[in-house]
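Worksheet: one structure, shown below.
The values are calculated or read from the model by the stated rules, or taken from the named source; none is laboratory data. Note that the structure is a prediction, hence the values are computed from the model and not measured. All Cβ positions, glycine included, derive from the backbone under ideal geometry; neighbour counts span all protein chains shown. Heads up: the accessible areas ignore ligands, DNA and RNA and are worked out on the full protein's heavy atoms, side chains in. Shrake-Rupley method; radii C 1.70, N 1.55, O 1.52, S 1.80 Å.
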Amino acid sequence: MSDWLHALPLAGMALVIFGLTYLTTASIYLVVISLAVGRRGRSFKAVSPGMLPPLGIVFGLFVAFTAAQVWNDNERAEAAVNREASALRTAVVMASSFAGPPEDRLRALVGQHIQEIATQEWPMMAQGSVALNVTPHFLSDALGLTLGLTPNTDGQRIAQREIASAIENALDARRQRILISESGVNLVKWSCLFLQAICALVAIAMVHSDDRRAAAITMAIFATGVGASALLITAHDRPFVGELSVGPSPLLQVMPDADNAQKKSEIGRGPGLFGPRLFWPQVG
């Protein structure tokens, strides 16, 4: 499937897929009905209706196997993003063990890294143009800063190891995320899926060639199922593309300055209806 189809809104994608499916079905119907005359008509009618269930079952298996791959890719994409966000959050929390300039520098580097992911790397993943051989410089600087720290206590030494491990975990999750962004249903699978659907539609038209209304109704029902299956797979085919794609919201939620910005925005609000708002510190 081309990138422009995946980039369409869900309603536009449904319109294109169902339109092409019904157009193909109508073409098959017209061709088979126009040929079902005389000897060819008797030959078409001799086609056994018993072949329809196996064709439908094989099509259903193709859909099931393809959908299983798509669901697995989406689950892996969400898991990679969540693991990356969790690792970066761990690094930010552990940075408090080095209060002062080291903590501020680490928090700034993690924040800049997340901002770069959301604004630059995410659109590039949708296009499949992110290179694995390029290490994010903000995270690389954060790792270098962590390894260059001189811990003075046992707690700081443990924190240093945890920060370095968290950054390495975030880098590994990023690699997995980029690899998953390049996954999708290949052309061979799509071709086999549509070829099986076409075979089933042709068989339906031939079996019901002596009753045009029955043929049209049966083919329309099957075509609706084919369109729904194709829409379901296409909408989730590319984990980081489209309206239902995996977004960077888990990463944005762990940005170091997110909590401070939220508190400042709350404090900056005007007085409420019954006087100034009071903000009580939360315990725990």
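Just one of (1) more than 30 Å from H236 (Cβ to Cβ); (2) in contact with a Ser or Thr (Cβ under 9 Å, 6 or more places away or on another chain); (3) buried (at least 20 other Cβ atoms within 10 Å of the Cβ); (4) not acidic (D, E) fails for Q156. It is (3).
Scanning region 226-245 for residues that are at pLDDT below 95 and surrounded by fewer than 17 Cβ atoms within 10 Å (Cβ to Cβ) gives L232, E243, L244.
What tally of residues in region 113-123 results from selecting those that are open to solvent by 80 Å² or more (accessible area, probe 1.4 Å) and closer than 14 Å to R177 by Cα? Final tally of qualifying residues: 0. Working only within region 187-221, note down all residues that are free of Cβ contacts under 8 Å to residues at least 60 places away in the same chain and hydrophobic (A, V, I, L, M, F, W, C). L187, V188, F194, L195, A214, I217, I221 - these are the residues of region 187-221 that are free of Cβ contacts under 8 Å to residues at least 60 places away in the same chain and hydrophobic (A, V, I, L, M, F, W, C). Do we find that A68 is of a type in the set (G, A, S), open to solvent by 30 Å² or more (accessible area, probe 1.4 Å) and part of a helix (DSSP H, G or I) in this structure? Yes.
Residue by residue, here is whether (1) within 30 Å of A7 (Cβ to Cβ); (2) in contact with a strand residue (DSSP E or B) (Cβ under 8 Å, 6 or more places away or on another chain); (3) without any contact (Cβ under 8 Å) to a residue 40 or more places away in the chain; (4) open to solvent by less than 70 Å² (accessible area, probe 1.4 Å) holds:
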position: A95; (1), (2), (3), (4): no, no, no, yes
position: R105; (1), (2), (3), (4): no, no, no, no
position: G111; (1), (2), (3), (4): yes, no, no, yes
position: A126; (1), (2), (3), (4): yes, no, no, yes
position: V134; (1), (2), (3), (4): yes, no, yes, no
position: S140; (1), (2), (3), (4): no, no, yes, yes
position: T146; (1), (2), (3), (4): no, no, no, yes
position: E182; (1), (2), (3), (4): yes, no, no, no
position: V185; (1), (2), (3), (4): yes, no, no, yes
